[in-house]
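Here's the structure we're looking at; comments come further down.
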Amino acid sequence: MLACFSMGVILADISAFEYWRRFEGPIDLCRKAPVGLASAKARDTYRPCSSEIGELTQRGFAFLSSPVRIMVPDAAMRLRNENVVNHVCSAAILRSELIVAGHGIYVASPRLCLAQLASRLLRPRVARAAFELCGSYREEADGLREALPLVSPESLRTLPASLRRVRGSAALGATAKYVLPGSASPMESALVVLLCFPSEFGGYEFPPPVLNKRIDVGSSIRDVTRNSYFKPDLYWPEARLAVEYDSKQFHSNPDKIAADAARRNALLHMGIEVVTVSADQVMNAARFDEVAKIIGRRIGKRMRYRGKAMADKRYRLRRDLLDLHF
């Protein structure tokens, strides 16, 4: 086997997404790659070496699932390795969409990796991934951790010309219309998708709420709560309706149950009605439909779609959205 003296691996697709899940810190501090894929130097800079793919574990990338997905600028540069999936990209990707992850290791930017995911995943799963990278949480094997948003929904809707030729970019743009900033948990994201996705995909087509919006507490109810502000999970300001996801796994522990009740009472004193949704209701389509009826009445949205065909679509949406594997 020939020795490999340099490495130019670009992590792509789910491998890039796994990297961004582990990433800590503001993305603005990341270093851009030296050249874009349209550069004459791209073939020399991004020339992956099969013998070093196996060294990713020793170099701090043990979290990557197998097979590792990489991007190459030319089909002739594909690696023949059972532990690698090659993504050939002939689009003129700018260096700003390729981030330095280590010496000779690069990673597709959040929006580029989401476009790659959108090229092969169902729309609900793409939405789930986009909500996460646009939100303040990251899913890990042992739960959640707080994190800074890495990309905005607006930047996913208005991809630059350099990314529009990337396979999956159109699907990402269409999905991003229903992605909102500010989600703090997977279930908040799931609630928005279930309630706001178009009916053709099994959603209720509700207008988008605001996620975790700060609502300041007035002095008139300071005797009801010690809090100076609240942040409901989902909030429709015009209807003055808040939807809260009630889960010990993501938001609560037994010590906070009483505090959550006091929080709901305080919001009621402020003229904000609170609808609480449990994990069981999210998982059960029939029970969730009852919750959706209540929310729909409060925000003035008629429930127009019924019948077995719609029930089947809602079942598929829930199944695809809540599947734990990408």
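Since every read-out is calculated from the coordinates, none of them should be taken as a lab result. Predicted model only: the values in this text are computed from it and were never measured. Reconstructed Cβ throughout: ideal geometry from the backbone, glycine too, with neighbour counts over all protein chains shown.
Relative to the Cα centre, what is the charge dipole magnitude of the range 95-246, using +1 at the beta carbon of each Lys and Arg, -1 at the beta carbon of each Asp and Glu, and rounding to the nearest 20 debye? Don't skip to the answer; put the middle values down first.
Values: 19 positive and 16 negative charges, 140 e Å.
Taking the Cα centre of the range 95-246 as origin, the dipole is about 680 debye.
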Worksheet entry | Measure of compaction for the chain (Cα Rg per 2.2 N^0.38 Å) | 1.12
Item to complete: For the chain, with a Gaussian network of springs between Cα atoms less than 10 Å apart, report the residue from Ala92, Ala62, Ala115 with the top mean-square fluctuation.
Response: Ala62
Worksheet entry | Label-point gap, in nm, between Glu82 and Arg120 - each point 7 angstrom along Cα→Cβ | 1.8 nm
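Where Lys and Arg each count +1 and Asp and Glu each count -1, what net charge lies around Pro34 among other residues with Cβ under 10 Å from its Cβ?
Working: positive: Arg31, Lys32, Lys41, Arg95; negative: none.
With Lys, Arg at +1 and Asp, Glu at -1, the net is +4.
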Practice prompt. Enumerate the calculated ³J(HN,Hα) couplings along the range 70-79 in order (Karplus 6.51 cos²θ - 1.76 cosθ + 1.60, θ = phi - 60°), each rounded to whole Hz, writing x wherever the residue is Gly or Pro.
Written response: 10, 10, 10, x, 8, 4, 5, 9, 5, 8
Item to complete: May I ask you to evaluate 6.51 cos²θ - 1.76 cosθ + 1.60, the Karplus curve with θ = phi - 60°, for each residue of the range 29-42 and list the ³J(HN,Hα) values in order in whole Hz, giving x for glycine and proline?
Response: 8, 6, 8, 6, 5, x, 9, x, 6, 7, 5, 5, 8, 4
Worksheet entry | Net charge of neighbours whose Cβ lies under 15 Å from the Cβ of Arg78, counting Lys and Arg as +1 and Asp and Glu as -1 | +1
Item to complete: Report the residue, chosen from Ser90, Ser65, Ser220, that carries the largest GNM mean-square fluctuation when the chain is represented by alpha-carbon nodes joined by springs under 10 Å.
Response: Ser220
Worksheet item: What residue among Lys177, Lys313, Lys41 has the largest mean-square fluctuation in a Gaussian network model of the chain, using Cα springs under 10 Å?
Response: Lys41
Discussion item. Placing unit charges on C-beta atoms (Lys and Arg positive, Asp and Glu negative, everything else neutral), compute the dipole magnitude of the chain about its Cα centre in debye, rounded to 20.
Written reply: 960 debye
Worksheet item: Whole-Å semi-axes of the range 9-175's equivalent ellipsoid, largest first, each the root of 5 times a Cα gyration tensor eigenvalue?
Response: 23, 19, 15
Discussion item. Can you give me the long-range amide H partners of Gly8? Hydrogens built in the peptide plane at 1.01 Å from N, cutoff under 5 Å, separation of 5 or more residues or another chain.
Written reply: Arg47, Cys49
Fill in: Under 5 Å, built H, 5+ apart or other chain: amide partners of Val277
Glu244, Tyr245, Asp246
Worksheet item: Going by how many other beta carbons lie within 10 Å of each one, how would you line up Thr225, Thr175, Thr158, fewest first?
Response: Thr158, Thr225, Thr175
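Tell me, what is the Rg over Rh of the range 183-322, with Rh the Kirkwood radius over Cα pairs?
Result: Rg/Rh = 0.99.
Sum up the lysine pairs in the chain that clear both bars: alpha-carbon distance under 17 Å and a spacing of 8 or more or different chains. Can you show the working numbers first?
Working: Lys32/Lys41; Lys213/Lys231; Lys231/Lys256; Lys248/Lys256; Lys293/Lys301.
Close lysine pairs under the 17 Å cut-off: 5.
For an R0 of 51 angstrom, estimate the FRET efficiency from the Cβ-Cβ distance between Glu55 and Ile294 and round to the nearest 0.05. Each step should come with its number before you reach the end.
On the way: r = 55 Å, r/R0 = 1.08.
Between Glu55 and Ile294 the formula returns 0.40.
Arg22 to Ser278: FRET efficiency via 1/(1 + (r/R0)^6), r the Cβ-Cβ distance, R0 30 Å, to the nearest 0.05? Present the calculation step by step, with values, prior to reporting the outcome.
Values: r = 31 Å, r/R0 = 1.02.
According to the calculation, E is roughly 0.45.
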Worksheet entry | Alpha carbon centroid spacing (whole Å) that separates the range 204-234 from the range 74-120 | 41 Å
Worksheet entry | Separation of the Val100 and Cys30 label points, Cα + 7 Å toward Cβ, nm | 1.4 nm
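Under a Cβ-Cβ cut-off of 9 Å, what is the net charge of the residues other than Gly173 that fall near it, where Lys and Arg count +1 and Asp and Glu count -1?
+3
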Worksheet item: Given H placed on each backbone N at 1.01 Å, which residues far from Arg69 in sequence or on other chains put an amide H within less than 5 Å of it?
Response: Ala12, Ser15, Val85
Worksheet, complete the sentence: With label points set 7 Å from each Cα along the Cα-to-Cβ direction at Arg240 and Glu139, the distance between them in nm comes to 3.7 nm
Discussion item. Could you derive backbone 3J(HN,Hα) for the range 237-244 from the dihedral phi with the Karplus parameters 6.51, -1.76 and 1.60 (θ = phi - 60°), listing whole Hz in sequence and x where the residue is Gly or Pro?
Written reply: x, 5, 8, 6, 10, 10, 10, 10
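Do you know the relative contact order of the range 183-322, to the nearest whole percent, from alpha carbon pairs under 8 angstrom that are 6+ apart?
Details: 179 pairs, mean separation 35.9, N = 140.
Across the range 183-322, relative contact order equals 26 percent.
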Worksheet item: Per residue Cα convex hull volume for the range 76-150, in cubic angstrom?
Response: 153 Å³
